[in-house]
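Below: the structure, in structure tokens.
The values are calculated or read from the model by the stated rules, or taken from the named source; none is laboratory data. Predicted, not measured: the structure shown is a model, and the values here were computed from it. These accessible areas exclude ligands, DNA and RNA; they are computed on the full protein's heavy atoms, side chains included. Shrake-Rupley method; radii C 1.70, N 1.55, O 1.52, S 1.80 Å.
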Amino acid sequence: MPDVKPPSTGTHSVVDLHGARRARRLDLYRNRLNQRQQDTRANLVTLYEGGTLFTPDGTQQGRSLLKALQLLQRAGTRLEELSGDGLLPAPSLSERIDALYDEVDGLFTRCDRLTGRGTASVARLPR
């Protein structure tokens, strides 16, 4: 008796490229957020452990780092809003989604200015 293959149903899975792009973008932003939070916390630890936190320059840098952490918390809230993991459902209008990502980009920029990202390290502050 010959093998009989089941007839093809003609159904193929459809990939939601728009949804995949949105998920990828959200993952990229979450990774950026986590990296910035880790770097900022590490800078605070460096200031404290090195004793430079208690100098005038160190105190000023410490305040900037704490403000940067606050901005990063706000960015995390916006990303939570985009994912729909929070109390509100995820936005569906592309204008609202773009506005939230623009806000997160602005928060990252402000955080980078406060932390001196790309400039001198806090480890090089005078003791």
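Points worth noting:
- Overall Cα dimensions of region 66-120, principal axis frame, Å, largest first: 41, 20, 12
- With all protein chains kept in place, the per residue accessible area of region 26-90 amounts to 60 square angstrom at a probe of 1.4 angstrom.
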